[in-house]
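The block underneath contains the structure these notes are about, expressed in structure tokens.
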Amino acid sequence: MYMLHRFERPLWFLGSVLVALGFIGIWQIVASSGLVSNVFLPGPDRTFRALLAGLESGVLTGKFFSTVQHMFYGWFIASLIGISLGAIIGTSRMAQVYVAPSLELLRPLPASALVPVAIAFLGLSTSMVLFIIGFGALWPMLLSTIHGFTSVEPRLNEVSRILRLTKMQYIFKIALPNAMPDILAGMRLSLTVALILAVVGEMLSGQDGLGQWILASGRMFRSPDLFAGVILLGALGYMSATLLTWFEQWVLRWRNEG
Amino acid sequence: MPSVDQASEAMTAKGARGHGEVIISFENLSLSFGSKLILDNINLDVARGEFLCVIGPSGCGKTTMLRLLAGLLTPSAGQILYQGLPVSGPRPDVAVLFQDYVKALLPWRTVFGNVSLALEAAQVPRKLRRDKIMAHLELVGLADHAEKYPTQLSGGMQQRLQIARCLAQDPEVLLMDEPFGALDAMTRQALQDEMQELASVSGCTIFFVTHDLEEAVYLGDRVIGLLPHPGRVGREFEVNISRPRDQLTTPEKPEFLQLRHELYSFIKLVEHG
């Protein structure tokens, strides 16, 4: 929502751009002053040159889209499983009683702890990266979906009974729309988790992507390339969050009106 | 005692609304939650097309009676017959209007979509829905607001929307649970008159729970006064006031004042022993 505000108020937008430029200026001053060796800290000038070179040659572009793919597929799988499983658990008392405790045991597991297990079963493959992303991104989505499905206003449950909605009608016309704000909040959390795990997965498995690029650049002391990769990751995080915000505003437009 | 004139007037009023045939009867109905007796041996007949108001102090179980009638609760003893058959759950031709319209409407659906829900539930084909929905919105004066969301409407309009959704069920019986209690006085009066109009046009049987004595007399053909702890039928009041009734002149009529007096004394007696 604050995105729109910014564009509605050009002065604010201008101000935020100036602040960002200020940070880049400070970065340039620190880098040029020689306080930190330029082997480790390239100035913005060298970084942007490396970024442009990488984009022009298509190498960085390729890495960027590999990471986007990993992140998106992993996140998408997690969303599908999280929302459907959450819907089942959220609408069935049986499922809540029998399945919920096992889930509570799995939930606190850090996804990174499962990396060796995933490597053992799936090898250093794309599937392994997707598995790690999917596992980590599943929990916020699953838990928020369950919450959304179980928090239907009791009066609406009565209205559903009075109108004699079928179970399917209830799920799609009442429970799912009711859970949408929660689900979207879960999707936002998972998106962050998915980006983190995409980078971690690429670093560990050597699968093509920005994570692997950053790791390789760092090991070879190509710090401008390293920083270019970090900037792209930042941009990816920002862009995906913005897209999700637009999607959220569209889905929840009933909240914004009136 | 009502005069002969009033009696015959009431007869014609009732006749026009098709009284006589019993559509709902409570038969030795009791309900307890655990060891607590909520309703004790209720016997009550409701005639088809009747506008029945139920009043009583809080804790007398008037809402519980409505919920039993709606099929949302199951009696502990006795039964409710609806058109001769025991009520075993919600029915498509029995609609319920709740007091808390904010909670009873779907905030993510437009005015149009909220009415549509009742038709979707009844498996009405999509092609036929539009006209029906607009007709019902027209009836409650919301046709111009079809694309708005409930939060964009005033309280009175939201309650009208809920009424439209109930009417979309094409109900035989409309159960109303203190429907206008949360509205301001002006809106309440406007909705009372609209309800009076809708009742006579649709011919619905109406079971109207309220704690507002004047509202009960103004709207009802008959008023049932309940006694609390446990809930029982205390007294019945026939409302022999001609229709259509009018917010200005009806409350000035001697028979209105007389009934208001009787109801007030009844409630006072109940509440203060």
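If you count, for every residue in B:89-96, the Cβ atoms of partner chains within 10 Å of its Cβ, what is the mean? Let's see the in-between values first.
Working: counts 3, 6, 2, 3, 0, 1, 2, 5.
So the per-residue partner count for this stretch is 3.
Considering only the protein assembly as shown, what is the antiparallel percent among its DSSP beta bridges, to the nearest 5?
Working: 21 of 39 bridges.
Percentage antiparallel, nearest 5: 55.
Among DSSP beta bridges lying fully in chain B, give the percent that are antiparallel, nearest 5.
Working: 21 of 39 bridges.
Expressed as a percentage, antiparallel bridges in chain B total about 55.
If you roll a 1.4 angstrom probe over the protein chains with everything in place, what fraction of the accessible area of segment A:49-252 belongs to carbon and sulfur, to the nearest %?
Details: 7120 of 9770 Å².
Carbon and sulfur atoms account for 73 percent of the accessible area of segment A:49-252.
Using only the alpha-carbon atoms, how far is helix A:44-57 inclined from the longest principal axis of chain A? Give it as 0 to 90 degrees, nearest 10.
70
Of the accessible area of segment B:77-177, with the probe set at 1.4 angstrom, what percent is carbon plus sulfur?
On the way: 2120 of 4190 Å².
About 51 percent, which is the carbon plus sulfur part of the accessible surface.
May I ask you to work out the translational diffusion coefficient for segment A:49-252 at 25 °C, viscosity 0.890 mPa s, via Stokes-Einstein with Rh from the Kirkwood sum over Cα pairs, reported in whole µm²/s?
Details: Rh = 18.5 Å.
Translational diffusion coefficient: 133 µm²/s.
Checking buried surface per residue: for segment A:149-168, which residues lose a minimum of 40 Å² accessible area in the protein assembly relative to the chain alone (1.4 Å probe)?
Buried on complex formation: A:GLU153, A:ARG155, A:LEU156, A:GLU158, A:VAL159, A:ARG161, A:ILE162, A:LEU163, A:ARG164.
Considering the protein assembly as shown, what Rg and Dmax in Å follow from its alpha-carbon atoms?
32.8, 110
Looking at segment A:4-80, which chymotrypsin sites (Phe, Trp or Tyr not before Pro) are DSSP coil and have at most 15 other C-beta atoms within 10 Å of their C-beta? The partial results should precede the final answer.
Numbers: sites: A:PHE7, A:TRP12, A:PHE13, A:PHE23, A:TRP27, A:PHE40, A:PHE48, A:PHE64, A:PHE65, A:PHE72, A:TYR73, A:TRP75, A:PHE76; in loops: A:PHE40.
Here the sparse-neighbourhood loop sites are A:PHE40.
Seen from all sides and averaged, what is the projected area of the convex hull of the Cα atoms in segment B:50-206, in nm²?
Values: hull surface 39.8 nm².
The Cα convex hull of segment B:50-206, projected and averaged over all directions, gives 9.9 nm².
List the pairs from A:LYS173/B:LYS36; B:LYS36/B:LYS253; B:LYS103/B:LYS253; A:LYS167/B:LYS132 whose alpha-carbon separation is above 32 Å, in the order I gave them. Working shown, then result.
Numbers: A:LYS173/B:LYS36 37 Å; B:LYS36/B:LYS253 42 Å; B:LYS103/B:LYS253 38 Å; A:LYS167/B:LYS132 25 Å.
The answer is A:LYS173/B:LYS36; B:LYS36/B:LYS253; B:LYS103/B:LYS253.
Residue by residue, what Karplus-based ³J(HN,Hα) values in Hz, rounded to whole numbers, does segment B:237-247 have, using 6.51, -1.76 and 1.60 with θ = phi - 60° and x for Gly and Pro?
Couplings: 10, 7, 9, 9, 10, 5, 10, x, 8, 9, 4 Hz.
Compute, for segment A:49-252, the length of the dipole vector about the Cα centre, with Cβ point charges of +1 (Lys, Arg) and -1 (Asp, Glu) only. Units Debye, rounded to 20. Don't jump to the answer; show the numbers that get you there.
Details: 12 positive and 9 negative charges, 77 e Å.
Result for segment A:49-252 is approximately 380 debye, rounded to the nearest 20.
Need the list of aspartates and glutamates near B:LYS268 for cross-linking: C-alpha distance under 16 angstrom, and skip anything on the same chain fewer than eight residues off.
Those aspartates and glutamates meeting the cut-off are B:ASP212, B:GLU214, B:GLU236.
In debye, nearest 20, what is the charge dipole magnitude of segment A:191-258 about its Cα centre with +1 on Lys and Arg Cβ and -1 on Asp and Glu Cβ, if you could check? Working shown, then result.
Working: 4 positive and 5 negative charges, 18 e Å.
Its charge dipole is roughly 80 debye.
Which values of log₁₀ I(q)/I(0), to two decimal places, follow from the Debye formula for segment A:154-258 at q = 0.10, 0.21, 0.23 Å⁻¹ with a uniform point scatterer at every Cα?
For the requested q values the scattering log ratios are -0.49, -1.06, -1.15.
Work out which helices of chain B, taken as complete DSSP H runs, extend at least 24 Å along their axis over the Cα atoms and score a mean Kyte-Doolittle of -0.5 or more, then list them. Could the numbers behind the result be given before it?
Values: long enough: B:185-202 (25 Å, -0.38); B:254-271 (25 Å, 0.01).
Correct list, ordered by number: B:185-202, B:254-271.
Angle between the Cα long axis of helix A:59-91 and the longest principal axis of chain A, 0 to 90 degrees, nearest 10?
20
Based on alpha-carbon centroids, what's the gap between segment B:181-247 and segment A:200-258 in Å, whole number please?
About 63 Å separates the Cα centre of segment B:181-247 from the one of segment A:200-258.
Show me B:252-259, A:120-127, B:162-169 ranked by packing, highest mean number of other Cβ atoms within 10 Å first. Write out the running numbers ahead of the final one.
Details: B:252-259: 15.1, A:120-127: 13.4, B:162-169: 25.8.
Per-residue Cβ counts within 10 Å, averaged per peptide and sorted highest first, yield B:162-169, B:252-259, A:120-127.
Please check segment B:101-150 for residues whose accessible area, probe 1.4 Å, is lower by 50 Å² or more when all protein chains are in place than in their chain alone.
B:LYS103, B:TRP108, B:LEU117, B:ALA121, B:TYR149
Hey, what's segment B:128-233 come to in accessible area per residue, 1.4 Å probe, Å²? Mind dumping the intermediate values first?
Details: 3930 Å² over 106 residues.
Accessible area per residue: 37 Å².
So what is the calculated 222 nm ellipticity per residue for chain B, using -39500 (n - 2.57) for each DSSP H run with n of 4 or more, over all residues, to the nearest 500 deg cm²/dmol? Spell out each step's value before the answer.
Values: 9 runs with 108 residues, N = 273.
After summing the helix terms and dividing by the residues of chain B, the value is -12500 deg cm²/dmol.
Given 37 °C and 0.692 mPa s, compute D for chain B with the Stokes-Einstein relation, Rh being the Kirkwood radius over Cα pairs; round to the nearest whole µm²/s. Display every interim value, and only then the final one.
Numbers: Rh = 19.3 Å.
After rounding, the answer is 170 µm²/s.
Need the C-alpha centroid separation for segment B:29-57 versus segment A:136-154, integer Å.
40
Quick check: the angle from helix A:126-150's long axis to the longest principal axis of chain A, C-alpha only, nearest 10 degrees?
40
With every protein chain present, what is the per residue accessible area of segment A:49-252 (1.4 Å probe, Å²)? Walk me through the numbers before you get to the answer.
Working: 9770 Å² over 204 residues.
I get 48 Å² per residue for segment A:49-252.
Give the A-B buried accessible area in Å², both sides summed, 1.4 Å probe, nearest 100.
Working: alone 15030 and 13200 Å², together 25960 Å².
Adding both sides of the contact gives about 2300 Å².
Treating only the Cβ of Lys, Arg, Asp and Glu as charged (+1, +1, -1, -1), what charge dipole size does the protein assembly as shown show about its Cα centre? Round to the nearest 20 debye. Don't skip to the end; give the middle numbers.
Working: 43 positive and 45 negative charges, 383 e Å.
Dipole magnitude for the protein assembly as shown comes out near 1840 debye.
The values are calculated or read from the model by the stated rules, or taken from the named source; none is laboratory data. These numbers were taken from a predicted model, which means no experiment stands behind them. Cβ atoms come from the backbone with ideal geometry, glycine included; neighbour counts cover every protein chain shown. Remember, those area values only see protein heavy atoms, side chains included, never the ligands or the DNA or RNA. Shrake-Rupley method; radii C 1.70, N 1.55, O 1.52, S 1.80 Å.
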